[in-house]
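To start, the structure under review is shown below, and the notes come after it.
The values are calculated or read from the model by the stated rules, or taken from the named source; none is laboratory data. Everything numeric here is computed off the predicted structure, so don't read it as measured data. Note that we place each Cβ from the backbone using ideal geometry, even for glycine, and neighbour counts take in every protein chain shown.
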């Protein structure tokens with residue numbers, strides 16, 4: 001989660017990101033709570049956040065917390081990976097591990113199109129656009 005343009009848990013001093021210890025403790029508590037068995041939302045609440053499930057999840061999937069060229073590390077890589085493994089384990093247990101399927105490259109994406117001649121006109125621009133899009137055919 002970002003506060004303005006700076007990732008939560010940091011502040012900018014002299015053009016460099018430095019750790020805001022009070023906020024960093026909240027981030028660490030979020031990860032600890034999740035790894036102790038709490039849901040994203042309950043872990044966030046225990047850490048002092050009032051986010052939704054999805055905001056906590058997005059925050060915990062942000063690799064910047066493990067440190068990079070700009071942000072110093074707040075979370076150890078092993079903690080980050082453990083949280084990701086726990087997310088995958090829970091997802092699989094709940095039957096949600098097949099929601100995002102990776103593209104295997106076996107589909108051919110059409111690159112040539114033909115626009116059939118249009119015969120109708122609509123005063124509503126959305127209906128006109130829908131109609132024109134319906135006239136597009138792929139060549140192959």
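If I ask for residues that are touching a helix residue (DSSP H, G or I) at 6+ places or on another chain (Cβ under 6 Å) and either farther than 17 Å from residue 89 by Cα or loosely packed, with under 14 Cβ neighbours inside 10 Å (or both), which ones from segment 28-42 would you list?
Hits for segment 28-42 are 30, 41.
Among the residues of segment 65-83, what is the count of those that are part of a helix (DSSP H, G or I) and modelled with pLDDT under 95? First the steps, then the outcome.
Step one: of segment 65-83, the residues part of a helix (DSSP H, G or I) are 65-66, 77-83.
Checking the rest, the ones that are also modelled with pLDDT under 95 come to none.
Summing the residues that are part of a helix (DSSP H, G or I) and modelled with pLDDT under 95 in segment 65-83 gives 0.
Among the residues of segment 72-85, is any surrounded by 14 or more Cβ atoms within 10 Å (Cβ to Cβ) and out of contact with any helix residue (DSSP H, G or I) (no Cβ under 9 Å at 6 or more places or on another chain)? Before you say what the answer is, go through the steps one by one.
To start, the set of residues in segment 72-85 that are surrounded by 14 or more Cβ atoms within 10 Å (Cβ to Cβ) comprises 72-76, 79-80, 82-83.
Okay, now just the ones that are also out of contact with any helix residue (DSSP H, G or I) (no Cβ under 9 Å at 6 or more places or on another chain), so 72.
Yes, some residue in segment 72-85 is surrounded by 14 or more Cβ atoms within 10 Å (Cβ to Cβ) and out of contact with any helix residue (DSSP H, G or I) (no Cβ under 9 Å at 6 or more places or on another chain).
Going by the structure shown, is residue 18 farther than 17 Å from residue 61 by Cβ, surrounded by fewer than 17 Cβ atoms within 10 Å (Cβ to Cβ) and without any contact (Cβ under 8 Å) to a residue 12 or more places away in the chain?
Details: farther than 17 Å from residue 61 by Cβ: yes; surrounded by fewer than 17 Cβ atoms within 10 Å (Cβ to Cβ): yes; without any contact (Cβ under 8 Å) to a residue 12 or more places away in the chain: no.
So residue 18 fails the test.
Out of the residues in segment 103-137 that are at pLDDT 85 or above and touching a helix residue (DSSP H, G or I) at 6+ places or on another chain (Cβ under 8 Å), which is surrounded by the most Cβ atoms within 10 Å (Cβ to Cβ)?
By that ranking, first place goes to 122.
How many residues does segment 43-56 hold that are touching a residue at least 40 places away in the same chain (Cβ under 8 Å) and surrounded by fewer than 17 Cβ atoms within 10 Å (Cβ to Cβ)?
Summing the residues that are touching a residue at least 40 places away in the same chain (Cβ under 8 Å) and surrounded by fewer than 17 Cβ atoms within 10 Å (Cβ to Cβ) in segment 43-56 gives 1.
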